[in-house]
Amino acid sequence: MRLRTFLASDMREALGNVRAELGAEAVIVSSEKAKGGGVMVRAAVEETAREVLRENLAVFSEWHNAMAAPDCETHRHAGLIHRLRNGRVSEKPAARNFNRAELLQILRTHRAPDALAHALAETAEKAGLSDMTLALASALEKRMTSAALDLTKSIALLLTGPNGAGKSAVAAKIAAHARLCERHVRLIATDITGAGAIARLETFAQHIDVPIVVAESAEELSRAVAECAKENILAVIDTAGFDPRNGKARSAFAALAKIEHVEAIGVVSACSDAEEIADIAAALVSLGARRLIVTGLDISRRLGALAAAATQNAALAHVTRSPYVAGGLETLTPLSLARALIDASQSGRGSAQ
Amino acid sequence: MSFNNNLGKPHLTAIGSGKGGTGKTLIAVSLAHALAYEGERVLLCDADFELSNTSVHLGLDDCGDLPGFLANECRLEEAIAPVLGGAGIHGGFDIIAAPSGCGTLANSGEIGAQQLLGKLKAAKNYDRVLLDLGAGVDAGVLRFAASSDDALVVLTPDPASLTDAYAFVKLLQQMTRNRVPQILVNMAVNDSEARRTADALIATCKNFLNSTPDYLGAIPHDPNALDAVRKQAALLTLHPQSASARAVTAIAQRLHNRLRPGSAPLRLASAR
């Protein structure tokens with residue numbers, strides 16, 4: 001285990017330092033106010049992860065050697081091997097000149113929805129920029145908005161989305177971040193039917209030392225939220241997974257989203273079919289979600305689903321790339337998404353940076 | 001009267017830390033003393049084969065004959081040295097150690113540990129055997145911890161102590177597959193720091209080992225403890241009302257209560 005102690009002016013800076021130094025797998029083992037101001041955070045990371053990477057290196061090397069054709073996939077594996085050999089130090093890939101057919105191919109490799117890929121390629125071409133990344137960023141900018149959550153001001157965040165999107169983990173991440181901003185937080189569990197759903201949220205709550213309440217109906221939730229609002233406590237509401245395209249489920253969730261003070265946040269996973277995610281995200285938006293959080297970037301090599309979610313008629317609040325609570329919530333701009341899409345095809349880095 | 005649930009066998013409690021300098025030996029000696037005040041017949045065994053120093057802590061000329069006992073040259077009754085009147089006397093206990101730096105038992109490793117454990121488990125005259133383990137996480141140290149009835153890991157707020165205590169927990173868990181030691185924090189300036197220190201180890205174990213060690217308690221940073229070490233005297237005799245002595249007594253009572261007939265068995269902490 002590697003253990004490091006970080007001194008920073010605030011938690012946000014400390015967490016950034018933790019990530020930069022120890023990576024996304026790092027676990028915060030303690031945090032406290034530092035003497036003389038600021039915070040002191042102690043974080044640890046197990047060596048096992050790196051050992052596994054070293055073991056995998058041999059496998060990937062063989063795989064790489066077997067790939068003779070200089071196509072996109074080969075570049076991806078070459079990039080992956082390069083990353084494994086060089087640890088976390090990454091080299092910025094060289095700029096690529098804009099080429100519409102090539103951009104279209106890249107977007108297809110990411111399994112972006114066809115209509116979106118064509119629309120982005122066309123807008124990028126019209127931008128008249130010679131750099132492919134900048135051209136794509138320009139196209140994305142016309143279709144996506146970033147709007148990070150302001151956890152110092154939010155009152156009640158209702159996390160909705162399909163099963164397995166990572167709503168409970170996102171709830172824990174939001175609660176942890178809010179606590180680091182010195183905001184009082186309450187987790188509200190509404191999934192009373194899912195096997196182990198409340199127990200899982202309770203485990204998260206215990207881990208980050210946040211109280212949890214259970215609301216079994218819209219009325220109970222309304223009361224719990226009103227209480228939080230009165231006491232200036234951030235309510236983070238975890239809900240049962242559902243298909244937002246299903247009419248019956250829609251009406252139930254629409255009622256929750258209409259509760260006073262509640263902001264609905266759609267949560268979707270990047271590890272899904274892009275067309276499905278586009279449909280689901282659109283349905284969540286129509287249910288009142290004005291912002292989306294996309295999870296699972298750590299395990300998603302193709303970013304088409306991310307691009308599809310980011311270009312819906314809702315702002316992209318955050319993305320997550322770690323199952324750990326300390327992994328945090330990151331923001332993604334059109335430029336960083338464009339860079340991720342282009343670079344992943346060059347270097348094998350499958351997740352947004 | 002025997003306090004032991006083990007039907008004639010002593011209860012083996014191992015005290016380890018991974019890192020040296022955490023105050024393990026002072027704790028072992030003081031716990032032996034405090035448990036004796038609770039009425040237990042205690043044998044303190046210095047299981048640091050290479051650099052034993054329990055006798056130094058107590059200013060004893062005779063620390064028993066651990067090498068002779070291991071070599072079957074003498075019986076346990078002949079190999080122990082009584083401290084403060086010896087086991088069975090209120091506040092007294094027995095000790096068995098190798099003379100510091102004698103080298104006889106150096107490199108005995110896991111086999112030596114196994115042999116000694118077998119012999120100690122047959123020590124029917126005692127309610128409890130406290131094993132003061134050496135620093136480090138070699139096979140011998142881990143064997144003692146793995147084969148004892150319960151194990152304590154001592155750590156201080158020092159970050160290096162956290163990593164070494166974690167290594168101790170991890171390797172012990174790997175060796176036994178399911179056992180996790182209880183946490184004892186030493187030298188914290190206050191309860192809050194002690195709890196934070198324990199929580200840091202618990203959080204690390206939860207995340208990386210999927211196990212949750214129990215927090216047994218803390219012994220605060222106390223100049224009286226240092227004074228007792230320097231004067232080579234028992235803490236509970238020299239400064240019985242000091243904060244550290246009171247903390248040791250409270251921990252001893254906790255351990256003792258779990259040993260009494262009819263009380264809940266010690267949770268040897270399963271990984272979960």
Kindly establish whether A:Val59 is modelled with pLDDT under 85 and either of a type in the set (S, T, N, Q) or assigned to a helix (DSSP H, G or I) (or both). yes
Report, by residue number, each residue of region A:99-138 that is in contact with a strand residue (DSSP E or B) (Cβ under 7 Å, 6 or more places away or on another chain) and surrounded by 18 or more Cβ atoms within 10 Å (Cβ to Cβ). A:Met132
Scope region A:170-193; condition assigned to a helix (DSSP H, G or I), among the basic types (Lys, Arg) and modelled with pLDDT of 85 or more; matching residues: A:Lys173
For helices (runs of 4 or more DSSP H) lying entirely in region B:135-242, having 3 or more residues that are surrounded by 23 or more Cβ atoms within 10 Å (Cβ to Cβ) picks out B:139-147, B:159-176, B:191-209
Does region B:115-134 contain any residue that is under 25 Å from B:Thr204 (Cβ atoms) and part of a loop (DSSP other than H, G, I, E, B)? yes
Taking only region A:21-48 into account, find how many residues are part of a loop (DSSP other than H, G, I, E, B), under 24 Å from the mean Cα position of the chain (by Cα), hydrophobic (A, V, I, L, M, F, W, C) and more than 11 Å from A:Met1 (Cα to Cα). 1
Criterion first (in contact (Cβ under 8 Å) with a residue 60 or more places away in the chain and touching a Pro at 6+ places or on another chain (Cβ under 9 Å)) does B:Leu152 satisfy it? yes
Residues that are out of contact with any Ser or Thr (no Cβ under 9 Å at 6 or more places or on another chain) and facing chain A (nearest Cβ under 10 Å): does region B:182-194 have at least one? yes
Could you check region A:331-353 and list, in sequence order, the residues that are surrounded by fewer than 20 Cβ atoms within 10 Å (Cβ to Cβ), at pLDDT 65 or above and not in a helix (DSSP H, G or I)? A:Thr331, A:Thr333
With the structure loaded, tell me whether B:Ser147 is under 26 Å from A:Ser322 (Cβ atoms) and more than 12 Å from chain A (Cβ to nearest Cβ) or whether it fails that test. no
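Between A:Ala270, A:Ala309, A:Ala317, A:Ala240, which is farther than 30 Å from A:Ala20 by Cα and not polar (S, T, N, Q)?
Answer to the check: A:Ala240.
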Those residues of region B:198-214 that are facing another protein chain (nearest Cβ under 8 Å) and charged (D, E, K, R) come to a total of 2
Please determine, by comparing only the residues of region A:294-316 that are among the aliphatic types (A, V, I, L, M) and farther than 23 Å from A:Ala119 by Cα, which one is nearest to the chain's Cα centre (by Cα). A:Leu297
From the list A:Ile212, A:Ile233, A:Ile198, which one is surrounded by 15 or more Cβ atoms within 10 Å (Cβ to Cβ) and in contact with a His (Cβ under 9 Å, 6 or more places away or on another chain)? A:Ile233
Look at A:Ala8 and say whether it is closer than 24 Å to B:Ala167 by Cα, of a type in the set (Gly, Ala, Ser) and surrounded by 14 or more Cβ atoms within 10 Å (Cβ to Cβ). no
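Residue-wise test of (1) away from every other protein chain (no Cβ under 14 Å); (2) more than 22 Å from A:Ile208 (Cα to Cα); (3) modelled with pLDDT under 80.
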position	(1), (2), (3)
A:Phe6	no, no, no
A:Ser9	yes, no, no
A:Val27	no, no, no
A:Gly37	yes, yes, yes
A:Met40	no, no, no
A:Ala43	no, no, no
A:Glu51	no, yes, yes
A:Cys72	yes, yes, yes
A:His77	yes, yes, yes
Could you say whether any residue in region B:158-170 is among the polar types (S, T, N, Q) and at pLDDT below 90? no
Quick check: anything in region A:180-195 free of Cβ contacts under 8 Å to residues at least 60 places away in the same chain and in contact with a Pro (Cβ under 6 Å, 6 or more places away or on another chain)? yes
Has region A:248-263 got at least one residue that is surrounded by 17 or more Cβ atoms within 10 Å (Cβ to Cβ), modelled with pLDDT of 85 or more and of a type in the set (A, V, I, L, M, F, W, C)? yes
Inside region B:56-70, can you point out the residues that are loosely packed, with under 13 Cβ neighbours inside 10 Å and of a type in the set (Gly, Ala, Ser)? B:Gly59
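Would you pick out the residues in region A:194-231 that are among the charged types (D, E, K, R) and part of a helix (DSSP H, G or I)?
Within region A:194-231, A:Arg200, A:Glu202, A:Glu219, A:Glu220, A:Arg223, A:Glu227, A:Lys230 meet the criteria.
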Residue tally, condition surrounded by 23 or more Cβ atoms within 10 Å (Cβ to Cβ) and at positive phi, over region A:139-165: 1
It is to be established whether one or more residues within region A:267-279 are touching a strand residue (DSSP E or B) at 6+ places or on another chain (Cβ under 7 Å), closer than 16 Å to A:Ala171 by Cβ and aliphatic (A, V, I, L, M). yes
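The values are calculated or read from the model by the stated rules, or taken from the named source; none is laboratory data. Just so it is clear, the model here is predicted, and its values are computed rather than measured. Please note: Cβ atoms are built from the backbone with ideal geometry, for glycine as well, and neighbour counts cover all protein chains shown.
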